[in-house]
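First, the structure itself, so that you have it in front of you.
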Amino acid sequence: MKRFFSFAIALVAVFQPVCLLAAGSVQQIKTEKQEPAPAFKQAPYDDKLVQLAEILGSLDFIRNLCERDGEPQWKAMMGQLLDSDAKDEAARREKLTAAFNRGYRTFSAIQTTCSAQLRTTAERYRNEGATLATEIATRYGN
């Protein structure tokens, strides 16, 4: 948690500026027994981290669309978030990565050009992300 607290401070600074039917017969699909992913102990702030990861993904897409020459700061921030809070927990890392990708895909599915509305959305997301990071650090930091 101490690692996340220092990361959150930096983040706030950045945010501010079955079955198949075949030929009339039923064929069962054989599945190998897969071991479930190891469970992780969910922290009380995990839902907020997931929300933050989605925002970072959305902002990364918007940056790619609107500021092609800009630094990939949102992806770098996501990497820092993963390293600080999910370094040794594969399941948590996977969950946060999926949230980042979901945020990215949400906009990539519907946006093809940069617009004033999209820039306004990015500003709103930066503010929301800053609020989340501050809340996590303040409420759960040591």
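The values are calculated or read from the model by the stated rules, or taken from the named source; none is laboratory data. Every value quoted in this text rests on a predicted model; they were computed, and no experiment measured them. Cβ: placed from backbone, ideal geometry, glycine included. Neighbour counts: every protein chain shown.
Quickly run through the range 90-131 and pick out the residues that are among the acidic types (Asp, Glu) and over 14 Å from Ser58 (Cβ atoms).
Passing the criteria: only Glu94.
Would a scan of the range 101-109 turn up a residue that is hydrophobic (A, V, I, L, M, F, W, C), part of a loop (DSSP other than H, G, I, E, B) and either modelled with pLDDT of 85 or more or under 17 Å from the mean Cα position of the chain (by Cα) (or both)? Please lay out each step first, then the result.
Step one: filter the range 101-109 for residues hydrophobic (A, V, I, L, M, F, W, C), giving 107, 109.
If we keep only those that are part of a loop (DSSP other than H, G, I, E, B) too, we end up with 109.
Now narrow it down to the ones that are either modelled with pLDDT of 85 or more or under 17 Å from the mean Cα position of the chain (by Cα) (or both): 109.
Yes, the range 101-109 has at least one match.
Could I ask something else about it? What about Asp47, is it loosely packed, with under 12 Cβ neighbours inside 10 Å and either in a loop (DSSP other than H, G, I, E, B) or under 15 Å from the mean Cα position of the chain (by Cα) (or both)?
Considered against the rule, which asks whether it is loosely packed, with under 12 Cβ neighbours inside 10 Å and either in a loop (DSSP other than H, G, I, E, B) or under 15 Å from the mean Cα position of the chain (by Cα) (or both), Asp47 comes out as yes.
On to the next question. Restricting to the range 110-120, count the residues that are of a type outside the set (D, E, K, R), in a helix (DSSP H, G or I) and under 18 Å from Gln73 (Cβ atoms).
1
Scan the range 74-97 residue by residue and report those that are in a helix (DSSP H, G or I) and over 23 Å from Ala109 (Cβ atoms).
Of the residues in the range 74-97, the ones in a helix (DSSP H, G or I) are 74-85, 90-97.
Correct list: Ala76, Gly79, Gln80, Leu81, Leu82, Asp83, Ser84, Asp85, Ala90, Ala91, Arg92, Arg93.
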